[in-house]
Amino acid sequence: MFIVGFLARRLAQGAVIVFLVSFLIFTLLRVIPGDPVRLMAGGMAPDELIEQIAADMGLRDPIPVQFARYMGGVMRGDLGQSFVRPASGAAVGGAQFDDATRAERARVLSLIAETAPMTVQLALLSMVFALLIATPIGVAGGLYPGRWPDKLALYLGSLFVSLPNFWLGIVLVLLLSVNLRLLPAIGYQGFAWTILPAIVLAIEIAPFLIRTLTVSVAQIMRENFIAAATVRGLGRGRIVVAHALKNAAVPLLNLLGVQFSMLLGGVLVIEFIFDYPGLGLLTINAVLQRDFPLIQGIAIVTSAAFVLINIAVDLAATAIDPRLDY
Amino acid sequence: MTETLLDVRGLSVAARTAEGLRPILTDVSLDLAPRRILGVIGGGGSGKTTLARALVNWLPPALKPTAGEILYRGRDVLKMRPAEARRLRGREIAYVGGDPAGAMDPTMTVGAQLVEKLRAVEPGVSRAEARARAIALLGAVRIPAPELRFHEYPFQYSGGMMQRAMIVDALISNPAFLVADNITQPLDVTVGAQILKLMREVTERFDTAILFVSSSLPTVADVADEVVVLDKGAIVERQPPAALVAAPRHAYTRRLIEELPTLWTPGGGRAAKLHAPGVAPILSVRDVSKTYVAGARSGLGPKRLVQAVRNADFDVYEGENFGVVGESGCGKSSLMRLLTALERPDKGSILFEGKNVFSGKTGDLRALRRRMQLVLQDPYSSLPPQTSIGDIIAEPLVIHGLGNRAQRRVRALEMMGEVGLPKSLYDDLPNGLSAGQRQRVNVARAMILEPRLLLMDETLSALDQTEQSKLLDLFERLQAQHNFTYLFISHDIAMVRRVCARVAVMYLGEVVELANNDRLFFDPGHPYSRALLSAAPTLEERRYRSEDCLLEGEPPSPIDLPPGCAFATRCPSAHDRCRAENPRAYARGHGDRAACFLLEATAASTPARETHDA
Amino acid sequence: MAILDADIPAAADDGARRSIARRIAAGAWASTEFKVGLFVFTALLLAALIYPEVSSLDPTRMNVRGRNTPPVFVGEGWSWAHPLGTDQLGRDMLLRSLVGLRYSLLIGVSTVILMLFVGSIVGLFAGYRGGLTDTVLMRITDAQLSIPMIILAIAILGVSRPTIPAIILVLGLSGWPVYARVMRSVVMAERKKEYVRGARVLGASDGRIMFRLILPLALPPIAFVAVLDVARMMIFESVLGFLGLGVQPPTPTFGNIIADGRKFLINAWWIATLPGVFLFVTLGSLNLMGAALERSRNRVYGGLS
């Protein structure tokens, strides 16, 4: 009963968020300068042709009309068609623009559906790496505040967070892939191509996990019930594992929810550097080609993912700590 | 004493500081026989908590024992190997602290933690057996519906219930010795009285000796077989409680006893200023109710309503000291928010100097705020930490646009002089002030607009007895000078006895009794007033014993109040009618009234309202 | 532990006399990492301010004969004239990095100030007003938070022309939600405190309470830790530059230097990597200071993060 009400409320709120995001992105793309039709048709196309194409595509209608038409499609599960990408193969260059090929342009939804699993694979693997790095360092730092594990957490955290992800990616490619030939890097031909990007991404995420873990473990270790557990006769190991870590998991979960967008931002840059065929690369190409429907589609899908992940995070947090009442 | 369970000999403990070792306890010796309760009394900084923690070998890292031994059944606790100490701790020697709310992991059920603890100290016990023992004990400490409570989380327990659960946690391994460190301090007096009753039973039923540490002499005297007095880290005397109270030997003990407020000494309400006859009420509260919506769990489903104030109705007359007394959750804070016009009542009206406070015009409200001022409860969070003391005091003048900079400074300095603050503090930040000084700043700030009515919201609760007396003297002097009217809101019945001429007693949102000072203390009309008096910390011979005045049980939740009288669940005189129908207030003459059916027979048939004119 | 530690003397009393902001600053100053960070950062800042002014070289002038000079002590042909070597067009790498650092810092600091300003105002109103104001503002915040900031930034900058004010505006406007959330939760806690109730009973207006009482108290702890975000924003700036969406060439920025240098990774590895080392050291110094301030703040607030 409680869970049904919770889900209903949060999904409704989530729908509002996704709607706001759609509106924001849709409007922004249309009010800022830069005409996609000019790019599609090529610089040499005559103005009348461009105006005609734009009018055909409905791009000269008032923005609210365009938005309503677009949202109508979204409601039916149709995110529209890419401006520039054909249904198969590489992007259509502006020079070959031909009205007849319009019908063959790729559907935004299928473009996203093809690339999203690649990104999920990368994100999950990097999360696993990040947790493997951060958990021991962060927990030790929290258990011994002011002592060397704490200093180690501080310095390692500061070190990792100061490494620009694109630069680290280049350096690691140069060292591990080009010079030492340990791991494949550019493009994607199998799971091994995910490892290096995931490591770079993990190093970007890890400092935030380390920081949160150090702070929350240290804070919980100062709680009265931890001190009281000693005098109640519980052993140190049990106190740390069953009580301190369990409580410290809640802020960590919340961090994952809030920093989801940071993770995606990292994915984008990393995919670009490693030429990894995921959602991030798709986004950058969409932006560079001014492919409005694709940018909108990606924004909607990511904000929906954000909403869903945050609901899952809150549910998990409530399961751990029943006091949290979302 | 034939057998000694615990024998402390010449124990000294010191704190490691930058300047070297600073003694906390010096040469403490005491012993405890099985099934006895030894009380330890001492003020803040006396070292009593350190003593309690040393006995369970649980000193914080900054403290270390420097001399002496703690022999438990002949073995020195301090010299045990860590593993041995751990086996003893929690199993044979148990500890209950003064923070029941924070004593258990909030993310696990109470039952799971009781089982966890028992299996940690007695690994052989099966899960099912541990569970059975926990439930049996929860029942034994009179937690209702223990099978259900077993599966609840700590935050679902009230403070008193949680303290009972912690006692179960201590007793579950059948310890021979229990250290109870300030266990009643955070609890309401009537709930604390119930816990004390439980302590006395524990020694009998569980064969346990108790070291009972407290800062309240009446509490210790109530429960202990013998009392040791701890002052500045040393034991100054040891006597049975009756002898200690009758013939204290040490100066510190004598001062402790003298400082205790008295409830039933004739003329105890020396500062209780009654209004002059025939004056008009300055503040009239007419049938006021306020209901809050408690955070509904999902935004769907039924809303949960907290009836914070229910039909409050009383008058405060010009120049008098009026008291509102009640325990936590009685609605006195909500009432205060209504009186200060921070919130609107759902029903009823509040008249100040004959005018409705909520007339609707903001200008009126501003004018009212010049004439009615609030002195806040918590001396620490009530002052903006980044503002200088002078600016804090002068702020009301700025807000109301009175005077220029220089005039405001003069007025603020004048006020500082009146409340006894050194003028040199004018430019200081409040961070370094003592609690008493902070309350003086609060008083000065409230007075600077020359109000008629001062609302004192638990103003003295955070202060020690000596500071309280000083501030009360100050209030008296200011009242004589400026003819203030005071409305005190407090949980401290002894303070009310000293200061308030007329008192409203609140329980779960209702004013259950309204009485003159002497009448309330010598002839209370409501059973809850009697229960409150019976639980009050005093060394005097009690007129009311909590055994007679208070049943086991918790106050009902304000969210789903029972239909009848709210006190019926804990009232020894409750009968069927009390559980079905909420009694109205019955007049008892001289403006006194109380809401209890027992008064129906004796009360005149006049409705309570008419007694406003009495 | 407050109750249990009652017997232990309170820590040095004079500590309590100073304002919270000064206690945080003093606490951070006492740590080695803060001093190290500050020293390195000051040195880099001075270098970035002074060296391009006094140097006879021009960061954009090409010198085809002197191209791909390696940094000092590396390979053959290095010279003290170009301590970090030169790039594929013979431009001095040290000078280009320092000019890049100027833009990076300018954008990083301005962006954080903008983020802090917008976030604080939104959080202050949402937290203090509560109710409908809170709901509306927080939904907008959530919406903003749910679009990865970098996607928003590249979407806007990719479609329009990236100028420095545009970059600051875009990064600042996409980064404020976190501040709004933090500010809101702080304000909600402060609003319940006694001194706010006291001020309201005295008749103080909401504006006075929000801006004169709560804001001065809530802002410094948040602003101190914003140092960490200056570093984060500098990374974002360089990412934008790397993607070609930052400050446009020929103006050197870390991002576009590294992006250009990437093509010559095999022949002249230093072009892409050394500016990165430079950026890394700058970020490291900022992050050390930020971490020290954050820890000091957590200590002052008794372990609250």
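So here's what we get for this one:
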item	result
Efficiency of FRET between A:Leu315 and A:Ala15 - r from beta-carbon atoms, R0 22 angstrom, step 0.05	0.80
For A:149-162, mean number of other protein chain Cβ atoms within 10 Å	5
Cβ-defined net charge surrounding B:Pro451, 12 Å radius [Lys, Arg +1; Asp, Glu -1]	+3
Pairwise FRET efficiency - B:Ala247 versus A:Val4, Cβ, R0 = 56 Å, nearest 0.05	0.20
Sequence-distant residues sharing a close amide H with B:Gly39 (under 5 Å, placed H)	B:Phe212, B:Asp225, B:Glu226, B:Val227, B:Val228
Counted charge near B:Val325, where neighbours are those whose Cβ lies closer than 10 Å (Asp, Glu -1; Lys, Arg +1)	-1
DSSP-defined beta bridges in region B:6-259 - what % are antiparallel, rounded to 5	55
Residue mean of other protein chain beta carbons inside 10 Å, B:461-470	0
Chymotrypsin sites (Phe, Trp or Tyr not before Pro), loop per DSSP, at most 15 other Cβ atoms within 10 Å - longest free stretch of chain C	C:81-300
Set B:Lys347/C:Lys193; B:Lys48/B:Lys232; B:Lys423/C:Lys193; B:Lys64/B:Lys232; A:Lys246/B:Lys117; B:Lys290/C:Lys192 screened for pairs whose C-alpha atoms are more than 21 Å apart	B:Lys347/C:Lys193; B:Lys423/C:Lys193
Net charge of neighbours whose Cβ lies under 10 Å from the Cβ of B:Leu283, counting Lys and Arg as +1 and Asp and Glu as -1	-2
Ascending count of other beta-carbon atoms within 10 Å, so fewest first, for B:Met447, C:Met234, A:Met71, A:Met262	A:Met71, A:Met262, B:Met447, C:Met234
Rounded if a/c under 1.5, otherwise prolate or oblate - region B:121-280, Cα gyration tensor axes	oblate
Karplus 3J(HN,Hα) series, Hz, for region A:236-251 with 6.51 cos²θ - 1.76 cosθ + 1.60 (x for Gly, Pro)	4, x, 5, 4, 5, 6, 7, 10, 5, 5, 4, 5, 6, 5, 5, x
Expected-Rg normalisation [2.2 N^0.38 Å, Cα atoms] applied to chain B	1.04
DSSP bridge pairs, the protein assembly as shown: antiparallel proportion in percent, nearest 5	60
Pair C:Val64, B:Val279: separation of 7 Å Cα→Cβ label points (nm)	10.2
Pairwise FRET efficiency - B:Asn174 versus B:Arg16, Cβ, R0 = 35 Å, nearest 0.05	0.45
Exposure proxy ranking, count of Cβ atoms within 10 Å, fewest first, for B:Ser557, B:Ser215	B:Ser557, B:Ser215
Cα-projected label distance for A:Ile186 with A:Trp148, points at 7 Å along beta-carbon direction, nm	4.3
Normalised contact order of region B:6-259, rounded percent, pairs of Cα under 8 Å and 6 or more residues apart	28
Taking N as its residue count, the alpha carbon Rg of the protein assembly as shown over 2.2 N^0.38 Å	1.08
Theoretical gain in end-to-end length, B:Asp576 to B:Glu201 [0.36 nm per residue, Cα-Cα removed]	132.0 nm
Euclidean distance between Cα centres, region B:102-146 to region C:191-251, Å	47
Cβ neighbours within 10 Å from other chains - mean over B:97-104	6
Sorted by Cβ neighbour density within 10 Å, fewest at the top, the residues B:Lys197, B:Lys290, B:Lys48, B:Lys355	B:Lys355, B:Lys197, B:Lys290, B:Lys48
For the protein assembly as shown, calculated [θ]222 nm from helices alone, where every DSSP H run of n ≥ 4 adds -39500 (n - 2.57)	-16500 deg cm²/dmol
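No lab work stands behind these numbers, since they all come straight from the coordinates. Computed from a prediction, not measured in an experiment: that's the story for all the values here. Because the Cβ atoms are built from the backbone with ideal geometry, glycine has one as well, and the counts that use them run over all protein chains shown.
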